[in-house]
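Taken together, the values in this text are just the output of simple stated rules run on the coordinates, not laboratory data. Keep in mind the model is a prediction, meaning the values are calculated, not measured. Reconstructed Cβ throughout: ideal geometry from the backbone, glycine too, with neighbour counts over all protein chains shown.
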Amino acid sequence: MYWHIEMLMCGIIAYSGFREATEVILEGLRRLEYRGYDSAGLGAINGKGIELRKCVGRITNLNELITQKPVSSSTAIGHTRWATHGPPNLENCHPHCDATGRLAIVHNGVIENYKLLKNRLLDLGHKFTSDTDTEILAHLIGHFYDALPASEDKLLIAVKKALAEVDGTYGIAVIHADEPGRIIGARRGSPLVVGLGEGENFLGSDVSAMVSFTRDVIYLNDLDVVDINDSSYKISTLHTTKVTRQKSRVDWDAGDAEKGEFPHFMLKEIFEQPTSLRNVMRGRLNWDHGDAKLGGLQEVKLSQVKRILLLGCGTALHAGMMAEYVIEELSGVPVETDFSSEFRYRNSPVDQGTLVFVISQSGETVDTLAAMREVQRKGVKAYGLCNVVGSTIARESDGGVYLHAGPEIGVAATKSFTSQATALVLIGLALGRTRSLSAREGSELLAELSRLPENVEKVLNTSEAIKKVALRYKDSQSMLFLGRLANYPIAMEGALKLKEISYIHAEAYPAAELKHGVIALVSPETPSLIIATRDGVYDKNRSTIQEIKARSGQVIALANEGDSDITETVDSSILVPETHPLLQPIVNVVALQLFAYYTAVALGRDVDKPRNLAKSVTVE
Ligand code: M6R
């Protein structure tokens, strides 16, 4: 049951071809850095042996190292690491070599039976220099390689023999100095993609690693083993000699994964939201019937759904929590959300009447993947809501809805959230239309949905005003985020964004919970940001504002434009256009993304790569 296994959150790139391989590796690592940025390294075949360059920290350090000590090669492998086992030092940095130093490997994943394998190799006289399980795998492959006669296909056979003994997860790329030009890759539980070029081929942990060079890719399946050189590729599995896998064309290019004129990916992605929202709705609004049409759910009998279960982590979970209110409102179908990480270990009942969605931008989050497999294990279908095409969740789910948000590079999720939330509104609309939601009500929602990009644009146009508010509160040690109903998850998302990139402590509560304990935190030093846009609980929020003011707390209100009743009573306001109450949370969150962004920038934080984090959380 390998879905209970941890995975490392690292990035892999490997290249064989006519270009200077180290340059390709550096470019690929630069694009993969969002997956982890504790240490980085590359290994290149130089005609005599394998040359390694490793450094602690960012890819720029590796770049400098290679400028000082260049390596010329046409075949190389590279790795950027998010440390889980062993500190981020030079010894633990990938690539790792076998006992001869002529074989090198980069690896994402965890070899669970590494102790057993290590003891066996120690008995055979092997010596290890790192704390990593990867070095053990390198030695094991080298051990088999050296034992094989020259007449055999040594590297491929050695890799397969070693992997047959491994319990755990891996995405690997292996090179050997005696077989220049060749790279063997394999995956189990950790993604690996083959990039196909003219006179060159690539391996990468995701397509962003190679998208500057090719958009023609093959997503490998678990247990696949691939053998590439500059002009050919051959895919087999651990147990068979040849399999065919479908080629795909990546629908975005390198430019989409560049910052362009923006100082940070996060800001670029916040500003891309009018476009990403149009993309998630494109072709899905059924104007004739006031309905939504979602191709990936065609086979689901929406009228027979008894319950919805939404699973995700972090921001993706918040999108589900917001949708819980919206879907229940539109359709009356009970909705439950859960942390994927909790669900996977609970014995939560799911049955054929439960429509399950797993929500994940990356489609690789290990807890969400495990939760999905747990649902499927119980004989119930699980549908995905993913952004990354060809990701594991997208491939293993029983269908679903792609977000089409384009690459999201900033570690803080922004455009993926609004796309997830919008896709879930469409699902709520489709469910509602099989029940008591009238075509007229559906059409009204569609009309407001089609204005959503414009409304988000209006928020973006007020970014300077939001920045001023952020600068006023940037030195706070702690902040409260309050909201009611569907704006409570938005408060949670606002607090998460602030914590994640500015490192200011922030807590989110349903506004009415304040009186049950949290109000003790209210003081002039701990500002409260309350979402008080016009909806059915508007008056309740105004009372909460008064309660905070009565205790000398500072209040920042997120309110609708022109709402002087609110702006006159609070210390600062962030104003957003008014829209349909079920869509207002999506507009509101954009303002909170900007608030967190400008706070973090003012504090000099590394916005796109906040400390301790990585974009895809492929570790438990
Ligand atoms: O790729 P996923 O959507 O599955 O990622 C889930 C969370 O790790 C992610 O949303 C995380 O909370 C964000 N970095 C928050 O900004």
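Think of the chain as having a plus end and a minus end, set by charges on the Cβ of Lys, Arg, Asp and Glu; of G109, I501, A486, G109 sits farthest toward the positive end of this dipole. For R534, the residues whose modelled amide H falls within less than 5 Å of its own, excluding neighbours fewer than 5 places apart on the same chain, are N560. Computed from the C-beta positions of E525 and K381, the FRET efficiency with R₀ = 45 Å rounds to 0.35. Proximity of backbone amide H atoms, modeled 1.01 Å from N, is registered between K474 and no other residue at under 5 Å, excluding neighbours fewer than 5 places apart on the same chain. Take the Cα of A602, step 7 Å along the line toward its Cβ, and report every residue of segment 437-473 whose backbone nitrogen sits under 17 Å from that point. Hits in segment 437-473 for A602 at 17 Å: 462-473.
Gain on full extension, evaluated as 0.36 nm per residue between S231 and L90 minus their Cα-Cα distance, stands at 47.4 nm.
Quick check on the chain: helices-only [θ] at 222 nm, where DSSP H runs of length 4 and up contribute -39,500 (n - 2.57) each and the sum goes over total residues. Nearest 500, please. Please list the in-between numbers first.
On the way: 19 runs with 216 residues, N = 620.
After summing the helix terms and dividing by the residues of the chain, the value is -10500 deg cm²/dmol.
Cα-Cα over 24 Å: which of K69/K609; K415/K609; K48/K69; K468/K615; K161/K242; K115/K378? Don't skip to the end; give the middle numbers.
Working: K69/K609 27 Å; K415/K609 17 Å; K48/K69 16 Å; K468/K615 28 Å; K161/K242 16 Å; K115/K378 33 Å.
Over 24 Å apart, Cα to Cα: K69/K609; K468/K615; K115/K378.
Expressed in whole Å with the largest first, what are the equivalent ellipsoid semi-axes of the chain derived from the C-alpha gyration tensor as the square root of 5 times each eigenvalue?
Numbers: eigenvalues 423, 143, 91 Å².
Ellipsoid half-lengths, sorted descending, are 46, 27, 21 Å.
Provide the gained length on full extension for the span D178 to R534, in nm with one decimal, where the gain is 0.36 nm per separating residue minus the Cα-Cα distance. Intermediate results must be reported in sequence, preceding the final value.
Values: separation 356, 0.36 × 356 = 128.16 nm, distance 6.98 nm.
Fully extending the segment from D178 to R534 adds 121.2 nm.
Each of V243, G255, A412 was scored by the projection of its Cα onto the charge dipole of the chain, and the greatest displacement toward the positive side belongs to V243; charges sit on the C-beta of Lys, Arg, Asp and Glu. Karplus-derived 3J(HN,Hα) values for segment 479-493, using 6.51 cos²θ - 1.76 cosθ + 1.60 with θ = phi - 60°, are 9, 9, 10, 10, x, 10, 6, 5, 7, 5, x, 5, 4, 5, 5 Hz; glycine and proline are entered as x.
Among DSSP beta bridges whose residues both lie in segment 463-620, state the antiparallel percentage, nearest 5.
Details: 1 of 19 bridges.
So the antiparallel bridges amount to about 5 percent of the total.
If you wrap the tightest convex hull around every Cα atom of segment 22-78 and split its volume per residue, you get 63 Å³. Between I157 and D131, the modelled labels are 3.8 nm apart [label points 7 Å from Cα along Cα→Cβ]. Residues whose amide H comes within less than 5 Å of that of V356, counting only those at least five positions distant or on another chain, are L309, Y383 (H built at 1.01 Å from N in the peptide plane). For segment 111-128, backbone phi angles converted through the Karplus equation (6.51, -1.76, 1.60; θ = phi - 60°) give residue-by-residue couplings of 8, 5, 9, 5, 5, 4, 5, 5, 4, 4, 6, 4, 4, 8, x, 6, 10, 10 Hz, Gly and Pro being listed as x. Using R0 = 45 Å, the C-beta based FRET efficiency linking Q352 and D216 works out to 0.70.
Applying a DSSP loop filter and a limit of 11 other Cβ atoms within 10 Å to the trypsin sites (Lys or Arg not before Pro) in segment 19-83 leaves K48.
Coupling constants for segment 466-475 follow from the phi torsions by the Karplus curve (6.51 cos²θ - 1.76 cosθ + 1.60, θ = phi - 60°), and in residue order they are 5, 4, 4, 5, 4, 5, 5, 10, 4, 8 Hz; glycine and proline get x. Fully extending the segment from E165 to K301 would add 44.5 nm, taking 0.36 nm per residue of separation and subtracting the current Cα-Cα distance.
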